[in-house]
Each structure stands twice: as C-alpha cells, then as structure tokens.
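Remarks on the structure that follows.
Where a number appears in this text, it was derived from the coordinates with a stated rule and is not lab data. What you are looking at is a predicted structure, and each value in this text was computed from that prediction instead of being measured. Heads up, the Cβs are rebuilt from the backbone with ideal geometry, glycines too, and the neighbour counts pull from every protein chain shown.
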Amino acid sequence: MTKTLQSWIKKNIISRYAMTNCPDEERCLHVLEVILDNESTPEEEQEYFEHIDQCWACYKNYNLEKAIRELIKRKIEKKPVPDDLVKSIKLEIEKLVIE
Amino acid sequence: MNQMSETKRQQYSVDEKAKVFDGEFYPHIDSMYNFAYRLTFDEDDAKDLVQDTYLKAFRFIESFQEGTNAKAWLFRILKNNFINDFRKKSKEPSKVDYQEVESYYNSDDVNKSITTDLRVDTLKDMMGDEVSTALNTLDVDFRTVIILCDLEGFKYDEMARILDIPIGTVRSRLHRARNLLRENLRLYAKTMGYIKKS
C-alpha cells in the first residue's frame, strides 16, 4: 500500500470513525448553522471542516443538516400569485390617490 | 408606524411612486404572497394581507429610501400587518412566551433533541406534503424564521430588522426552530415507516 493511500485511509476513514461522539456537539451544531447560512468567518469554516474530518458525529450532522436545507428548498411548493392581485392593488392605490 | 421612523424621509412625486412600485415593490409580490400564505394557510387571507401591505407601503412610502432593501422593508410591513390585524382574527395559537423559550433553550433539554436517527437517505424519500406539514406545524414564530432564512434567503441582520428582535435572538430562534423541524421530520419518517420503530 502506498503512503498516499495509507494517509488517505487514515484521514477519511480511520480518524472519522475514531470519534463517534463529539464532546462539543452542541457548539459544533451552532457553527454548522452559521456556515450553512453563509454567515460564518473563514476561520470558523476552516476550524469546522478540519474538525469534521476527524469527528464522525459532526460529519453525520453536517450531511443531515445540509440535506434538510436542500429538502426544504426543493420540496416546499411555491404558490402561484393570483392573476388579479397586482391589478386589484393598483385599483386600490388609485382610489387612495383620488381621495 | 414606529417601524419606519428610523429611516430618513424621502419625498416622491406621483410618477416616482409608480416607478418605485413597478421597479422595486411589485417584483417581490411572489415572495410576499408565499410568505403571507405560509403565515395564514388561506389563499384569500394571503391575498388580503399582501394587498394591505402594498397599500401601507404606498401610504408610508416617504419612509422608504430608494435603493435600499425593498424586499426586507415590505416583509417587515407584512409581518407587522399579520401580527396586528390577522393574528387577532385567525385561529392561530397565541404567540409563544419567549422567556419560556429562552430558558428552555438554555437548559439541558435542548441537547436531547440533537441525537437523531434521521438519515440523509430517509429524507430523500420524503414527499413535498410531508415536508410542508413538518414546517407548517411549527409555531408561527419558529416557522417564520425558517421561511425567512431558508426559503427567502434573508441574512441574520435583515431578519433582525424584519422581526424587530436582536441578532442573537434571531440565531437562537433559528436554532430552536431547526431542532423542532428536524424532530418533526423524524416523527413523520417514523410514522411512514422510513425509520424502524424502536
């Protein structure tokens, strides 16, 4: 086995499984939220992504939270605006102007 | 309306008002209608709420600074309209006691909801109706932050202005809302047999 492959396995498989429970899961979830909301600093992101390389619990949370956001965006149906709505607003505004 | 008192007043002629409505306000009608519908769950109420919001926007247009965030400005009026007029009329449950929520948020109970047997594969099988129900059954204040953030893409500071709450409260409310939403999705998954009953 090449050294590169060994190090890949260590980084992506062994190290992640090594930590199945995160001692700081609540704080990590807060940081994850900020990252997924695009409100994080580059430092927070770097620290978080280095952490999930080694923490199976947070790696799972990352994938789950990301999937929930995508699910909400994709599956919540958009209601079409009634055709007459803008027209009726414009009529009401005209009445206000005349008054 | 104290909601608009922070901004400097700008004078508009009739033509300028029409220009602002066509260029900056009407393009948001789709988002406004969907927000109103998700607050009221009724097409007619949503229409009335949006119409009232645009009429208020017309009456108070001097408080709107051209080139600033029109969508957030309109959403704030709509939200206040909903609280002041529609909530009283509708059967919507009363506003949650936030002191209670904040103390719950700071307690250990909140941590219990983190560990979940919900999986990414499970979510993929969910239908739109199930996802909508999971969102719609949240209390209106929790539902609102999810809608504003995840569906409408508002930033924390914009949400703080729309909802008249500090950014810290936006973040804690969102966190709590997401825990509740995740729990709802998990319960639906369990009911539908996507997750084995323990």
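Some points to look at:
- When A:E25, A:E45, A:E50 are arranged by Cβ crowding within 10 Å, least crowded first, meaning fewest neighbours, the order is A:E50, A:E45, A:E25.
- For chain A, calculated [θ]222 nm from helices alone, where every DSSP H run of n ≥ 4 adds -39500 (n - 2.57): -21000 deg cm²/dmol
- Counting neighbouring beta carbons within 10 Å and listing from fewest to most, the residues A:V34, B:V120, B:V131 come out as B:V120, A:V34, B:V131.
- Relative contact order for chain A: 30 percent, from Cα pairs under 8 Å spaced at least 6 residues apart, divided by residue count.
- For region B:2-89, the relative contact order is 40 percent, taking Cα pairs closer than 8 Å that sit 6 or more residues apart in sequence and dividing their mean separation by the residue count.
- In region B:135-194, chymotrypsin sites (Phe, Trp or Tyr not before Pro) in a DSSP loop with at most 14 other beta-carbon atoms within 10 Å: none
- Cut-off 13 Å between beta-carbons: net charge of the residues surrounding A:K75, Lys and Arg +1, Asp and Glu -1: -1
- Extension gain for A:E26-A:E39 works out to 2.9 nm (0.36 nm per residue, less the C-alpha to C-alpha distance).
- Counting other Cβ atoms within 10 Å as a rough exposure proxy, the listed residues B:I167, B:I77 run B:I167, B:I77 from fewest neighbours to most.
- Test item: A:51-61 mean partner chain Cβ contacts at 10 Å: 1
- Under 13 Å from B:K190, Cα to Cα: aspartates and glutamates that are on another chain or at least 8 residues apart: B:D117, B:D125, B:E130
- In this structure, the pairs whose alpha-carbon distance is over 25 Å, taken from A:K95/B:K56; A:K75/B:K56; A:K3/A:K60; B:K19/B:K56, are A:K75/B:K56; A:K3/A:K60.
- Based on the Stokes-Einstein relation at 10 °C and a viscosity of 1.306 mPa s, and on the Kirkwood radius from alpha carbon pairs, chain A is assigned a translational diffusion coefficient of 91 µm²/s.
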